[in-house]
Amino acid sequence: MALHTDAAPVSSLSVHRGRVLTFTADPGAHGSPDSYEYFEDGLLIIADGRIAEVGPAGALLAKLPRDQPITNHGKRLLLPGFIDTHIHYPQTDVIASGGEQLLDWLERYTFPEERKFANAAHAAEVAEFFLDELLRNGTTTAMVFCTVHRASVEAFFKSAARRDLRMVAGKVLMDRNSPDYLRDTASGGNRDTRELIERWHGQLRLSYAITPRFAPTSTDIQLESAGRIAREYPSVYIHSHLAENQAEIEWVKELYPTARSYLDVYDRQGLVRERAIYAHCIYLDDEDRARMGQSGAAAAFCPSSNLYLGSGLFSISAADQAGMRFSIATDVGGGSSFSMLRTMSDAYKVCQLNRDPVSSLRAFYLSTLGGARCLGLEHRIGRFTPGAEADFIVLDLEATPLLARRTASSSTLQEKLLVLMTLGDDRAIESTYILGKLTHKRVAPREAMPDNRS
Ligand code: GUN
Ligand code: ZN
């Protein structure tokens with residue numbers, strides 16, 4: 001994109017100065033230095049909500065008019081906004097409900113909470129809180145489960161549309177093995193999904209995902225109907241859960257005795273393809289992983305949820321060997337934080353347990369450009385490249401005393417990023433910009449209250 005054109009007068013530019021990091025490729029297991037661009041003193045130039053140019057401040061400043069206002073972020077790090085490829089907005093109030101593994105956790109906490117989303121006012125209130133929380137944590141795009149209720153989808157998309165966010169979401173399909181109050185039917189789910197696609201898919205920055213909850217709560221007839229819709233609407237996403245928990249997998253074997261594997265239950269209905277995201281994918285065999293890789297479907301690695309629910313350890317080396325794409329996701333409310341920084345830290349620990357270390361560079365890639373690639377959106381988000389949408393965040397590497405101290409004692413970019421993802425959380429997100437507009441600014445921590453006790 002040209003910096004100065006007649007159509008875009010200089011005054012429509014906004015210019016940000018600071019440390020700038022953007023990935024161009026997957027850094028892989030060893031953090032390849034060819035996978036990113038980093039400018040210690042960089043400039044990010046935005047015109048009409050899109051990236052116009054990025055590069056070293058020295059060279060780019062010379063091209064700008066003398067009176068061009070510049071927002072100087074000093075030593076802060078400018079990064080494309082985080083992309084969370086699997087999260088449930090109706091589970092905002094389920095976080096930290098403990099003591100159970102997946103199937104009991106669903107029955108005891110999750111289903112009763114999701115029931116409330118039949119009420120449009122409740123759904124609207126939670127959607128607003130949820131999106132505020134994403135932005136506070138620097139997440140600018142997410143792939144989102146709603147509930148079985150149409151009202152939950154309407155509320156979510158309306159709230160995201162008002163904020164001009166790039167979001168992917170869908171109505172949950174579940175026509176068996178669930179409480180009456182959360183069950184749809186194959187025909188009702190089919191009708192609702194089609195109507196919601198027509199209403200929302202491609203509106204503003206919104207996309208629709210066909211969302212069967214998981215194989216145990218859908219009949220084969222419902223999955224078949226979902227596959228038919230997926231074929232009719234190739235640009236629509238598919239979003240579900242897969243191979244998360246041992247008891248779940250045994251149940252799928254009983255329910256689908258003729259399927260070769262859990263993945264095959266979805267595959268034989270045409271639900272394994274580009275733009276399909278499957279959360280967890282812990283217990284796949286090599287044939288499943290190869291099939292995921294060859295089909296273009298992607299896994300959402302949800303380390304915090306997998307630890308919290310005691311589900312198991314996702315193997316990134318097995319995924320790499322099979323050529324299976326994956327990105328990092330929170331899975332709130334099985335996951336215990338909205339923060340992608342904290343989720344990266346959990347990913348690092350899971351990979352350590354697998355003797356499969358993940359570099360800090362790769363963790364940041366997986367949470368930005370890697371997520372965009374899994375969604376087929378790398379030309380729009382996840383990277384500072386001319387023409388891309390200017391959703392970006394400003395990270396404060398000195399947000400807490402300990403973070404400041406460890407940042408000061410680390411030297412390379414890799415080390416600083418590892419410190420940031422290990423010690424950082426929402427406090428490190430100084431600001432979040434959507435299409436170049438400031439949308440969240442961290443409130444300064446309150447002064448410590450004077451201690452009046454004598
Ligand atoms: N499998 C089916 N539904 C869910 C859910 O809501 N959360 C998680 N983590 N796994 C699931
Ligand atoms: Zn989930």
Set of lysines near residue 116 by C-alpha distance (under 20 Å), chain-local residues within fewer than 8 positions excluded: 158, 171
Heavy-atom SASA rank of 343, 412, 400 (probe 1.4 Å, accessible area, largest first): 412, 400, 343
The chain - percent of accessible surface contributed by carbon and sulfur, probe 1.4 Å: 50
Contour minus Cα-Cα distance for residue 286 and residue 128 (0.36 nm per residue): 52.8 nm
Å² per residue, accessible surface of segment 245-321 at 1.4 Å: 37
Ranked packing of 330-341, 313-324, 13-24, most packed first, by mean Cβ within 10 Å: 330-341, 13-24, 313-324
Distance between modelled label sites at residue 75 and residue 59, nm, 7 Å Cα→Cβ extension: 2.6
Nearest-ten-degree value, helix 246-255 long axis tilted from longest Cα axis of the chain: 40
P(r) of the chain over all Cα-Cα pairs, binned every 10 Å from zero, in whole percent: 4, 21, 31, 25, 13, 4, 1, 0
Accessible area per residue in Å² at 1.4 Å probe, computed on segment 1-112: 44
Fraction of antiparallel bridges per DSSP, the chain only, in percent to nearest 5: 45
Cα-only Debye scattering, segment 25-75: base-10 log of I(q)/I(0) at q = 0.12, 0.17, 0.22, 0.26 Å⁻¹: -0.37, -0.65, -0.90, -1.08
Solvent exposure of segment 355-419 as accessible area per residue, Å², 1.4 Å probe: 35
Straight-distance crosslink candidates among aspartates and glutamates, where the alpha carbon sits under 17 Å from residue 437 and sequence neighbours closer than 8 are dropped: 48, 53, 132, 164, 389, 391
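The values are calculated or read from the model by the stated rules, or taken from the named source; none is laboratory data. Source: prediction; values computed, not measured. Cβ coordinates were reconstructed from backbone atoms using ideal geometry, including for glycine residues, and neighbour counts include every protein chain displayed. For accessibility, only protein heavy atoms count, side chains too; no ligands or nucleic acids. Shrake-Rupley method; radii C 1.70, N 1.55, O 1.52, S 1.80 Å.
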